[in-house]
Every structure is written in structure tokens, then in C-alpha cells.
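So the structure is just underneath, and the comments pick up after that.
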Amino acid sequence: VLAEVIKAFGAPENAQRMEEARDNACNDMGKMLQFLLPVATQIQQDVIKAYGFSNDGEGVLKFARLIKSYESQDPEIASMSGKLKAMFLPPMTLPPHGAGTGGVAAT
């Protein structure tokens with residue numbers, strides 16, 4: 001099922017939908033949730049409903065929890081899960097060392 005979900009993200013029409021959503025989000029995390037996440041959820045729903053998951057956000061959450069539970073047991077599932085997440089989550093960058101430690105000097 002996970003392989004089919006990944007394949008669905010690669011389908012030309014879905015890839016275009018994701019690209020448009022990414023463009024609309026402009027790397028803003030709030031806008032990612034607004035534009036990108038619903039498209040990603042819909043693409044997953046279209047695949048997983050054929051495997052008994054409900055055709056709503058809850059079905060996608062159950063699917064994600066199931067995948068998470070198998071990640072530690074199967075390196076292939078862990079790898080595919082990482083690929084899936086990379087398709088709709090922006091890469092996380094760490095702040096420079098020492099950033100966010102207050103920054104306001106006492107006077």
C-alpha cells in the first residue's frame with residue numbers, strides 16, 4: 001500500500017497538484033498546512049480507501065500510524081516512509097548553533 005501511495009504522488013496529475021500547492025505555500029509552514037497538506041491527504045486517501053481505510057483524514061492518520069509502527073521492524077518500510085514524508089514535508093533546517101538563546105542583553 002505504501003509503495004502505491006508513493007507511486008500515486010509520482011503520477012503526472014498529482015505531481016502537478018503538489019507543485020501548485022508548494023508554489024502557493026512559498027515555504028511558509030502555515031501555508032504548507034493550508035495548501036499542501038490537504039492535497040497530500042487527498043492523494044493518499046484515493047489509494048488507501050481500496051485497502052479498507054476510511055476515505056477521510058482519520059483514515060490517513062490510521063495509515064500513517066500503521067506505517068510508523070512498522071518502521072522499526074522493516075528497513076524497507078522505514079525507507080519508503082521517509083520518501084513519502086519528503087514528498088510533502090519541507091526539509092527541516094536546524095538553526096545556527098547558539099540561535100534562540102535569548103539574544104536580549106541585560107542592562
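The values are calculated or read from the model by the stated rules, or taken from the named source; none is laboratory data. Please read all numbers here as calculations on a predicted model, not as lab measurements. Positions of Cβ are generated from backbone atoms using ideal geometry, with glycine treated the same way; all protein chains shown enter the neighbour counts. Remember, those area values only see protein heavy atoms, side chains included, never the ligands or the DNA or RNA. Shrake-Rupley method; radii C 1.70, N 1.55, O 1.52, S 1.80 Å.
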Any chance Leu89 is aliphatic (A, V, I, L, M), more than 12 Å from the chain's Cα centre (by Cα), surrounded by 10 or more Cβ atoms within 10 Å (Cβ to Cβ) and modelled with pLDDT of 60 or more: no
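For every residue, the table says whether it meets (1) farther than 11 Å from Phe88 by Cβ; (2) surrounded by 13 or more Cβ atoms within 10 Å (Cβ to Cβ); (3) not aliphatic (A, V, I, L, M).
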residue	(1), (2), (3)
Cys26	yes, no, yes
Leu36	no, yes, no
Ala40	no, yes, no
Ile43	no, yes, no
Asn55	yes, yes, yes
Neighbours by Cβ (under 8 Å, 6+ apart or cross-chain): first from region 24-53, closer than 20 Å to Glu4 by Cβ; second among the aliphatic types (A, V, I, L, M) and in a loop (DSSP other than H, G, I, E, B): Val47/Val1; Ile48/Val1; Tyr51/Val1
Which numbered condition Arg22 fails, given (1) under 20 Å from Ile67 (Cβ atoms); (2) open to solvent by less than 90 Å² (accessible area, probe 1.4 Å): (1)
